[in-house]
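Novice: Input: one structure, supplied below.
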2 protein chains.
Amino acid sequence: MIVRTETIDERIRAHMDRMQPDKIVVVVSHTSEKLCLPKLEIHKKLDNIIYIVPDGDRAKSLTYCEDFWETMLRENVTRRSLVLAVGGGAVLDFTGFCASTFMRGIPFIYVPTTLLSMVDGSQGGKTGINLYGTKNIIGTFTEPLAVMRNIDFLPTLDSKQIHSGWAEIIKHAILEGKYLYHIVQNGIPDLSDTETWMDIIRKNIILKSSIVEEDFREAHKRKLLNLGHTIGHGIEALRFEDEDVTHGLCIANGLYWETLLAEELGVCNSKTTQNVSALVYPLFFKIQWSKSEVQPMLQLLLHDKKNHEGKIQFSFTKEIGNCTYDYEVSPERLLEFLEKHAIADQVNED
Amino acid sequence: MIVRTETIDERIRAHMDRMQPDKIVVVVSHTSEKLCLPKLEIHKKLDNIIYIVPDGDRAKSLTYCEDFWETMLRENVTRRSLVLAVGGGAVLDFTGFCASTFMRGIPFIYVPTTLLSMVDGSQGGKTGINLYGTKNIIGTFTEPLAVMRNIDFLPTLDSKQIHSGWAEIIKHAILEGKYLYHIVQNGIPDLSDTETWMDIIRKNIILKSSIVEEDFREAHKRKLLNLGHTIGHGIEALRFEDEDVTHGLCIANGLYWETLLAEELGVCNSKTTQNVSALVYPLFFKIQWSKSEVQPMLQLLLHDKKNHEGKIQFSFTKEIGNCTYDYEVSPERLLEFLEKHAIADQVNED
């Protein structure tokens, strides 16, 4: 069972009984400390070390790593201790990186509290922080000891966060092209429909697992999961100061723009672009770069981890349920695309 | 063959041919840049990125990591690039950590140039940096693509550096207790005796490999390699400002003091302590802590990665060729030992 019926408390307790950790460190964000931690028993254990990071990507910095490592040192955390990350993807990425490098790796558990981190960030062993505006540039491939998902956290999320998770669900649906694609075409289910949510989360995890298991270190097939993420990360870096621009919103837009690029390169036909657009735009607002953002955007894309010899490497949708990876696009061709779809600068004020 | 007959240049060239890296980054220390890099062909390739760090442990800091990562970002280093570390253990540890976390891991090769790094630091996949005076507290377990050892570098080393490597050779000899122990009892061979050196280096690598292969992540048997390193690291941290105090000197002393502690705890008899002393003190000067250093020393030992539940865990020599690990010593017992062997403060000025 991937989404279990035991409560998270029961699962944590089982781990404690087995591991007998000498210390427990709980990493939370401001929001997850307020909304999610009180739902867990560990909240009541006063001898736990609670480490609070800012919400969102601000936690994923070397400054916080150093501070967290220093805290672990000061509190005599050892390899027999246990670190619990309770929060969204940023909390998990940050905690996973810090724990996987402290003493060359101490055990950690993920308790994802956002939809996005339940269907994506908590799975696949990628940890990481950002540096000089480049996302996840420093990190490790390390699996947590366990991932404890629970849909009881869904009601703590606002619509923006549900949408953010939904973008990755759309990506998985495009990759899968069957059962999940059909559910996702119905749009976002009501939060009270726990059956459908359990089903969706389970299907997402199965799809991602099947890809990650084949290629943990992203040498080939795992690159499919980068669908929408090249342009998506570019948009995210470009608009990082805008709090309304979530990771999911950028990825949803990335999925659309990359499919349009694929269409222009002859990788897919216009029907595929329409299908992707039909999943994305009833739910997300469109983000478009302005003329003056073309060059910064190109620079961001040139720094993508997936690049090779100055060529930007894309994963593309050939059709729903049939995607490809390692498709190289030259900077010149990409510049042409970015210029073609750039809007005038003043329009970009909204 | 572990110590190969091909030159390092030939081996590097073979890797280049196979990998076709899009970029080569060479990390050196001030000293290895001056003395060792000119011995290699890669020195002449002007399009390589040469990154220079200070000599010794000063390189192993988060500040240098950040600067190095920033350089790699700026120079568009990718997962298809190759990082070469040319230097002693500190250069290798630093480079291994930075490369194993940049983009979640890019390929790196070790070219150890000191005796210590040839017989120890280059092998076993441990990477790391120091933080707040705690050695190797942040790091990963990541194997380099290749380790290229060459005794041609030995003549670049001064006596202090040869001694520093010799301390780890003594440790390996104590663990092995047979062939290597007999050679090591003869003392340090002349540098011109390349046959004996090749033999010693080869035997050291075989011994360490056999232990590491059984237990890469140091869950059990690999802990044997920590022999002398608990008190050794304590002494090293205590005297980090003294440039004459090398890692090897501290380990050599650690081997002696830990055996004396083992004797006092009834783990070994006085003959074993004499045997260890006979290997160490004809070659190394004795380091002893002063009364005022007892508490700082205890605190340093309490922060050791190998600890569990506030107990300090030692690897001990029961007799030459028969060692043990996970031997717990309470802080109280250790304090007693440290106090017993502390010298008066003014004597410690030399």
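Novice: Mind listing whichever residues of the stretch B:32-54 are in contact with a Ser or Thr (Cβ under 8 Å, 6 or more places away or on another chain) and either aliphatic (A, V, I, L, M) or over 18 Å from B:Met148 (Cα atoms) (or both)?
Specialist: Within the stretch B:32-54, B:Leu35, B:Ile49, B:Tyr51, B:Ile52, B:Val53, B:Pro54 qualify.
Novice: Would you mind finding the one in B:Gly254, B:Gly248 that is touching a residue at least 40 places away in the same chain (Cβ under 8 Å), outside any loop (DSSP other than H, G, I, E, B), buried (at least 23 other Cβ atoms within 10 Å of the Cβ) and not basic (Lys, Arg)?
Specialist: Values: B:Gly254 fails: touching a residue at least 40 places away in the same chain (Cβ under 8 Å).
Answer to the selection: B:Gly248.
Novice: Within the stretch B:337-350, track down each residue that is exposed (fewer than 13 other Cβ atoms within 10 Å of the Cβ) and at pLDDT 90 or above. Walk me through it before giving the result.
Specialist: Applying the first criterion (exposed (fewer than 13 other Cβ atoms within 10 Å of the Cβ)) to the stretch B:337-350 yields B:340, B:343-347, B:349-350.
Scanning the stretch B:337-350 gives B:Lys340, B:Ile343, B:Ala344.
Novice: Related question: Going by what's in this entry, would B:Val276 be described as over 21 Å from the mean Cα position of the chain (by Cα), open to solvent by less than 10 Å² (accessible area, probe 1.4 Å) and not assigned by TED's automatic domain parsing to the domain that holds B:Asn136?
Specialist: It is false that B:Val276 is over 21 Å from the mean Cα position of the chain (by Cα), open to solvent by less than 10 Å² (accessible area, probe 1.4 Å) and not assigned by TED's automatic domain parsing to the domain that holds B:Asn136.
Novice: Okay, moving on. Does the stretch A:80-94 hold any residues that are open to solvent by less than 10 Å² (accessible area, probe 1.4 Å), more than 14 Å from every other protein chain (Cβ to nearest Cβ) and within 14 Å of the chain's Cα centre (by Cα), and which are they?
Specialist: Looking only at the stretch A:80-94, we keep the residues that are open to solvent by less than 10 Å² (accessible area, probe 1.4 Å), and these are A:81-87, A:91-92, A:94.
Within this subset, residues satisfying the condition of being more than 14 Å from every other protein chain (Cβ to nearest Cβ) are A:83-87, A:91-92.
A:Gly87, A:Val91, A:Leu92 - these are the residues of the stretch A:80-94 that are open to solvent by less than 10 Å² (accessible area, probe 1.4 Å), more than 14 Å from every other protein chain (Cβ to nearest Cβ) and within 14 Å of the chain's Cα centre (by Cα).
Novice: Any residue in the stretch B:277-295 that's basic (Lys, Arg): show its pairings with residues that are at pLDDT 95 or above and open to solvent by less than 50 Å² (accessible area, probe 1.4 Å) at Cβ separation under 7 Å, as long as the two are six or more apart or on different chains.
Specialist: B:Lys286/B:Asn253; B:Lys291/B:Ala342
Novice: Just the residues that are modelled with pLDDT of 90 or more, open to solvent by 50 Å² or more (accessible area, probe 1.4 Å) and part of a loop (DSSP other than H, G, I, E, B), please, taken from the stretch B:1-50.
Specialist: B:Gln20, B:Lys23
Novice: Hey, can you tell me all the residues within the stretch A:51-79 that are part of a loop (DSSP other than H, G, I, E, B), open to solvent by 20 Å² or more (accessible area, probe 1.4 Å) and under 17 Å from A:Asp22 (Cβ atoms)? It would help to see each step written out before you state the result.
Specialist: Quick first cut of the stretch A:51-79, residues part of a loop (DSSP other than H, G, I, E, B) only: A:54-55, A:60-61, A:75-79.
The next check asks that each one be open to solvent by 20 Å² or more (accessible area, probe 1.4 Å); those that pass are A:55, A:61, A:75-76, A:79.
Correct list: A:Glu75, A:Asn76, A:Arg79.
Novice: Still on this structure: Within the stretch A:294-335, track down each residue that is open to solvent by 30 Å² or more (accessible area, probe 1.4 Å), in a helix (DSSP H, G or I) and either away from chain B (no Cβ under 13 Å) or among the hydrophobic types (A, V, I, L, M, F, W, C) (or both).
Specialist: A:Gln295, A:Pro296, A:Leu300, A:Leu302, A:Glu332, A:Arg333, A:Leu335
Novice: Of the conditions (1) in a helix (DSSP H, G or I); (2) buried (at least 24 other Cβ atoms within 10 Å of the Cβ); (3) not polar (S, T, N, Q), A:Cys268 fails just one. Which one is it?
Specialist: Among (1) in a helix (DSSP H, G or I); (2) buried (at least 24 other Cβ atoms within 10 Å of the Cβ); (3) not polar (S, T, N, Q), the lone unmet condition for A:Cys268 is (1).
Novice: Which of the residues belonging to the stretch A:216-228 are within 14 Å of chain B (Cβ to nearest Cβ) and open to solvent by 10 Å² or more (accessible area, probe 1.4 Å)? Spell out the reasoning first.
Specialist: Going through the stretch A:216-228, the residues within 14 Å of chain B (Cβ to nearest Cβ) turn out to be A:216-220, A:222-223, A:225-226.
If the condition is that a residue be within 14 Å of chain B (Cβ to nearest Cβ) and open to solvent by 10 Å² or more (accessible area, probe 1.4 Å), then A:Phe216, A:Arg217, A:Glu218, A:Ala219, A:His220, A:Lys223, A:Leu225, A:Asn226 are the ones that fit.
Novice: Against the condition among the charged types (D, E, K, R) and in contact (Cβ under 8 Å) with a residue 60 or more places away in the chain, how does A:Asp158 come out, does it pass? Spell out how you get there, then give the answer.
Specialist: Numbers: among the charged types (D, E, K, R): yes; in contact (Cβ under 8 Å) with a residue 60 or more places away in the chain: no.
No.
Novice: Next question. Given B:Ile151, B:Ile162, B:Ile170, which one is over 23 Å from B:Phe216 (Cβ atoms), away from chain A (no Cβ under 14 Å) and crowded, with 22+ Cβ neighbours inside 10 Å?
Specialist: On the way: B:Ile151 fails: crowded, with 22+ Cβ neighbours inside 10 Å; B:Ile162 fails: crowded, with 22+ Cβ neighbours inside 10 Å.
Checking each option against the conditions leaves just B:Ile170.
Novice: Right, A:His233: at negative phi, within 14 Å of chain B (Cβ to nearest Cβ) and more than 14 Å from the chain's Cα centre (by Cα) or not? Working first, answer last.
Specialist: Details: at negative phi: yes; within 14 Å of chain B (Cβ to nearest Cβ): yes; more than 14 Å from the chain's Cα centre (by Cα): no.
No, not satisfied.
Novice: If you check every pair at least six apart or on different chains, which have Cβ atoms under 9 Å apart with a residue in the stretch B:63-74 that is more than 7 Å from chain A (Cβ to nearest Cβ) first and a residue that is assigned to a helix (DSSP H, G or I) and open to solvent by 70 Å² or more (accessible area, probe 1.4 Å) second?
Specialist: B:Tyr64/B:Arg58
Novice: Moving on. Scan the stretch A:95-118 for residues that are within 14 Å of A:Ile24 (Cβ to Cβ), more than 14 Å from chain B (Cβ to nearest Cβ) and outside any helix (DSSP H, G or I) and jot them down. I'd like the intermediate steps shown before the answer.
Specialist: Narrowing the stretch A:95-118 to residues within 14 Å of A:Ile24 (Cβ to Cβ): A:95, A:99, A:106-109, A:111.
Pick out the ones that are also more than 14 Å from chain B (Cβ to nearest Cβ) and you get A:95, A:108-109, A:111.
Result: A:Phe108, A:Ile109, A:Val111.
Novice: Every residue in the stretch A:279-293 that is open to solvent by 60 Å² or more (accessible area, probe 1.4 Å) and either in a helix (DSSP H, G or I) or within 12 Å of chain B (Cβ to nearest Cβ) (or both), please. Break it down into steps so the answer makes sense when it comes.
Specialist: Step one: list which residues in the stretch A:279-293 are open to solvent by 60 Å² or more (accessible area, probe 1.4 Å), which gives A:282, A:285-286, A:291-292.
A:Lys291, A:Ser292 - these are the residues of the stretch A:279-293 that are open to solvent by 60 Å² or more (accessible area, probe 1.4 Å) and either in a helix (DSSP H, G or I) or within 12 Å of chain B (Cβ to nearest Cβ) (or both).
Novice: Identify all residues within the stretch B:125-148 that are within 8 Å of another protein chain (Cβ to nearest Cβ), assigned to a strand (DSSP E or B) and open to solvent by less than 30 Å² (accessible area, probe 1.4 Å); write none if there are none.
Specialist: Those that are within 8 Å of another protein chain (Cβ to nearest Cβ), assigned to a strand (DSSP E or B) and open to solvent by less than 30 Å² (accessible area, probe 1.4 Å): B:Leu131, B:Thr134, B:Asn136, B:Ile137, B:Ile138, B:Phe141.
Novice: Another one. When the stretch A:95-119 is examined, which residues are found to be closer than 15 Å to A:Asp22 by Cβ, open to solvent by 10 Å² or more (accessible area, probe 1.4 Å) and aliphatic (A, V, I, L, M)?
Specialist: None; the set is empty.
Novice: List the residue pairs whose Cβ atoms are under 8 Å apart, where the first residue sits in the stretch A:119-143 and is of a type in the set (Asp, Glu), the second is surrounded by 20 or more Cβ atoms within 10 Å (Cβ to Cβ), and the two are 6 or more positions apart or on different chains.
Specialist: A:Asp120/A:Gly89; A:Asp120/A:Gly165; A:Asp120/A:Glu168; A:Asp120/A:Asn204; A:Asp120/A:Lys208
Novice: Can you run down the residue pairs with Cβ atoms below 7 Å, 6 or more apart or on separate chains, where the first is in the stretch B:82-110 and of a type in the set (Lys, Arg) and the partner is open to solvent by 10 Å² or more (accessible area, probe 1.4 Å) and assigned to a strand (DSSP E or B)?
Specialist: Between residues of the stretch B:82-110 that are of a type in the set (Lys, Arg) and residues that are open to solvent by 10 Å² or more (accessible area, probe 1.4 Å) and assigned to a strand (DSSP E or B), the close pairs are B:Arg104/A:Lys126; B:Arg104/A:Phe141.
Novice: Here is a further query. Which numbered condition in (1) out of contact with any Leu (no Cβ under 8 Å at 6 or more places or on another chain); (2) of a type outside the set (Lys, Arg); (3) in a helix (DSSP H, G or I) is the only one that A:Ile169 fails?
Specialist: In the conditions (1) out of contact with any Leu (no Cβ under 8 Å at 6 or more places or on another chain); (2) of a type outside the set (Lys, Arg); (3) in a helix (DSSP H, G or I), A:Ile169 misses (1) alone.
Novice: So, one more: May I ask you to list the residues in the stretch B:1-28 that are under 28 Å from B:Asp199 (Cβ atoms) and either in contact (Cβ under 8 Å) with a residue 24 or more places away in the chain or under 22 Å from the mean Cα position of the chain (by Cα) (or both)?
Specialist: Initially, the stretch B:1-28 is screened for residues under 28 Å from B:Asp199 (Cβ atoms), giving B:1-15.
Scanning the stretch B:1-28 gives B:Ile2, B:Val3, B:Arg4, B:Thr7, B:Ile8, B:Asp9, B:Arg11, B:Ile12, B:Arg13, B:His15.
Novice: Which numbered condition in (1) modelled with pLDDT under 90; (2) touching a strand residue (DSSP E or B) at 6+ places or on another chain (Cβ under 6 Å) is the only one that A:Asn226 fails?
Specialist: The one condition A:Asn226 does not meet is (1).
Novice: Considering only residues that are surrounded by 20 or more Cβ atoms within 10 Å (Cβ to Cβ) and among the β-branched types (Val, Ile, Thr), look in the stretch A:189-210 and name the one that is farthest from A:Met118 (Cα to Cα).
Specialist: So the residue we want is A:Ile200.
The values are calculated or read from the model by the stated rules, or taken from the named source; none is laboratory data. It should be emphasised that the depicted structure is a prediction, and the values quoted were computed from it without experimental measurement. Positions of Cβ are backbone-derived with ideal geometry, glycine not excepted, and every protein chain shown enters the neighbour counts. Ligands, DNA and RNA are excluded from the accessible area calculation, which covers all protein heavy atoms including side chains. Shrake-Rupley method; radii C 1.70, N 1.55, O 1.52, S 1.80 Å.
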